Amino acid sequence: MNNLQKIKLTDKIEEDDSIDLLNILGKLADKWPWVIISIVLCFLVSFFYAKYTPPSYQITARVLVNDDEKGGGLGKQAGSLMDLGGLLGAKNSVDNEAEILRTRFLMEQVVRQMQLNIVYSVKNNFNSRELYNAPFTVNIIKGVDTIQANKLNIKRLGTESLLLSYKDIQKEIKWDQIFNVDGIGLLRISTNPIAKMTDDNYVIEINSVDERVAQLLKGLTVGVSNKLVTIIDLGLSYPIPRKGEDILNELIKKYTTANLEDKNAIADSTYKFIKERLTKIAVELGDVENEVESFKQQNKLSDMSEQGKLLVQNSGQFSSELAKAETQVTILTDLENYLKDESKNKRVFPTSLLPQDMVFSGLMNQYNALLIERDKQLLSVTESSPFIQNLDDQISQMRKGILANIQSTKNIFLVTSKKLKSQLGKAEGQISGVPQIEKNYLKLARNQKIKQELYIFLMQKAEETAISKTSNISVAKTIDPPKSGVTPVSPKKNVIYLFGILIGFVIPVAVIFGKDLMNTSISTKDDITSLTQVPVIGEISHNSSQDNLVVANQGRSAISEQFRALRTNLTFYLKKADEKIILLTSSMSGEGKSFTAINLGNILALAGKKVLLMELDLRKPGLSAKLSVNNDIGFSNYTISPDIHIMDIIKPLNINKNLFIISSGPLPPNPAETILSEHTPILINELKKQFDYIIMDAPPIGIITDAQLLSVYADVTIYLVRQKVTQKSQLKIVNDLYLNGKIKNIGIVVNDILSKYYGYGYGYGTYGEQIHKTFLEKISTFFKELIKI
């Protein structure tokens, strides 16, 4: 073959790699009963699924959040105190509050409060329906550490006992009797006066709290639909509308309660700290007042001189400012000691005592938030938890930052206090002549005023803290209570039906094309034409009978007509009078060489031609056995014995008077050398004079080289390909022979065609008579093909 032909073949193979839509549709059309049945079955499955799956309803609610960043809300805390509203005094963010509502901690409180890890159901025909008010309640008296999911079946036995069954255990129990269930613990079942128990079968599904929390969180949606407002939309999907509403109500209640507890925790901490300081300052103030009174009595100082009064008047402003400065120093010193005390470093910080001009209020808010979060997490984890240790590290670092800020602020007030003392000293030094007794009294009076200012300041803060606690309100309020929708949101029947139909169509398509992808053998004519350019000169359909002589015994069958078509096609290859030899080979044994040789020879003999069959498979001969011919003497005898003549090995066949055979003879030890014998060309030349056609049944060329040795005598070579047997990779052999010109006039004959979508329809009996199958026969054929797939 020249280079141009090779290029054309390569282009043809690349084109055949593209998707053949007509071929796909043809395969689907061929399997249409299977596709229809698959669609019907999948639709029925989806129908029953939609019918017996408990419906789920969507419960919705809306919550308004006091978000100071957006100016909305429920009002702001006013006064000289720092803002104690919101989360730990911080400004509220609607996005942060939405995240809090999604937390597992809140849902866990709801599950424990409502005992949602115990689900009651009643069995109906094919499904179970959950009950909200069951006719009995289950109490876990003592649960195991990790509860394993379990289902208990309950049935009434009379008025005083129940039949309990779970797994492989079945036993009778009494009302309020304590019993043990493996994986759960000690339980007790009590009657519920609200509902009446019937003779139905009841199911109690008990899960761990964590598992139930995870289930409910999957059905919970929390979102902010409009970023311009501070409204959070909540949704919960649940089978029982009223129970779903109660769950969502309880979730909102737990959220608002937790928010108030966070605010009150700061207020309580501040109030406790102030009370401790008040007790100490009250003692110190009492001591100073007693000291002043004793000084007056000892020195008989009933009234001060005009000069003393002038000194007090002039130094009063400095004394007042000095008292305030030293008060702040005292407060900051106490707060500093509070932070340094290791026994108190896990308590919230009393933020309302901080000076109003401090710039680290945000830092304080974060510090308190971490402390409260730590307390919440300790409800479910231990101190050694990596999460708690991480929080402790953050708290420690933040405490150092706060301490540094307090010390810095304290230094500022110390400098101010020192300056005020200096100014006060100068003011006192400007007035001379004041008796020493009055000077000492002025010092005592100033100390008394400082203590009194501090006491009044703490009293004021204590009252403000108490008032702020009583006026605390939650950061959010419900503006749209939980309400269930009228129609269920799942299952969506139309979507399920459509999905069932789609799956019913996809499954057979996937099976058909998955089978094709996994199939490595030749199935269709396209498999041949896409892998080789060797022409297909004949197609033989499946022989349903065990008869090898279909042409002789079934002369009007479809196979007979196909052999006649092959005979006609061979005339285009054998144009000259001396072109008579037809070589049959294949990729491997079992592809129908002997069957084709017998029937091709017979169809040629029926046309009045003298035909010789040569059994040249000297390794595994089968032609003589199929024709019941004695194989004692044959080709191998002729090549090694000069006493054997040609007429000794030619044997007539009873099939047709024009049909003869030369069998292989005894199997030689060296088949290839036997074929290369010098007597072989003499035999072939003599036979060509005596016969019109010579058909050589050669060994498979894909295994051994015998057929290639015989191809030098052949005028045309028929390469047998058997559907569902010949591998696609084996077509490389015939392709190589064709491309490299190793065998001349080669053509492919496809044997044993089963599928009608191979390339042509083979639904005929005798020539021109179509076989009509009944509906039952078609169904039977369909299931046979289904089993094959």
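The values are calculated or read from the model by the stated rules, or taken from the named source; none is laboratory data. Note that the structure is a prediction, hence the values are computed from the model and not measured. Counting neighbours? That spans all protein chains shown, and the Cβs are built from the backbone with ideal geometry, glycine included.
Whenever a residue of the range 275-289 is touching a residue at least 60 places away in the same chain (Cβ under 8 Å), its partners that are in a helix (DSSP H, G or I) and polar (S, T, N, Q), lying with C-beta atoms within less than 8 angstrom and at least six residues away or across chains, give the pairs 285/448; 285/452; 288/447; 288/448; 289/448. Just one of the listed residues (540, 503, 559) is within 30 Å of residue 744 (Cβ to Cβ), assigned to a helix (DSSP H, G or I) and among the aliphatic types (A, V, I, L, M), and it is 559. Could you check, for the range 668-683, whether at least one of its residues is surrounded by 13 or more Cβ atoms within 10 Å (Cβ to Cβ), touching a residue at least 40 places away in the same chain (Cβ under 8 Å) and of a type in the set (Gly, Ala, Ser)? The answer is no, given that none of the residues of the range 668-683 is surrounded by 13 or more Cβ atoms within 10 Å (Cβ to Cβ), touching a residue at least 40 places away in the same chain (Cβ under 8 Å) and of a type in the set (Gly, Ala, Ser). Of the residues 511, 551, the single one that is in the same structural domain as residue 698 (by TED's automatic domain parsing), farther than 24 Å from residue 741 by Cα, assigned to a helix (DSSP H, G or I) and at pLDDT below 85 is 551.
For the range 386-424, residues that are small (Gly, Ala, Ser) and farther than 23 Å from residue 336 by Cα total 1. The criterion of at least 2 residues that are closer than 30 Å to residue 232 by Cβ is met, among strands (runs of 3 or more DSSP E) falling completely within the range 98-165, by 118-123.
When 163, 187 are checked against the criterion of being assigned by TED's automatic domain parsing to the domain that holds residue 108, in contact (Cβ under 8 Å) with a residue 24 or more places away in the chain and not charged (D, E, K, R), 187 stands alone in meeting it. Total residues in the range 521-544 satisfying the condition of being surrounded by fewer than 20 Cβ atoms within 10 Å (Cβ to Cβ) and either within 33 Å of the chain's Cα centre (by Cα) or among the charged types (D, E, K, R) (or both): the figure is 2. Condition check for residue 179 on (1) over 16 Å from residue 137 (Cα atoms); (2) free of Cβ contacts under 8 Å to residues at least 24 places away in the same chain: one failure, at (1). Criterion applied to 692, 643, 632, 706 was being touching a Leu at 6+ places or on another chain (Cβ under 8 Å) and surrounded by fewer than 19 Cβ atoms within 10 Å (Cβ to Cβ), and the one residue passing it is 692.
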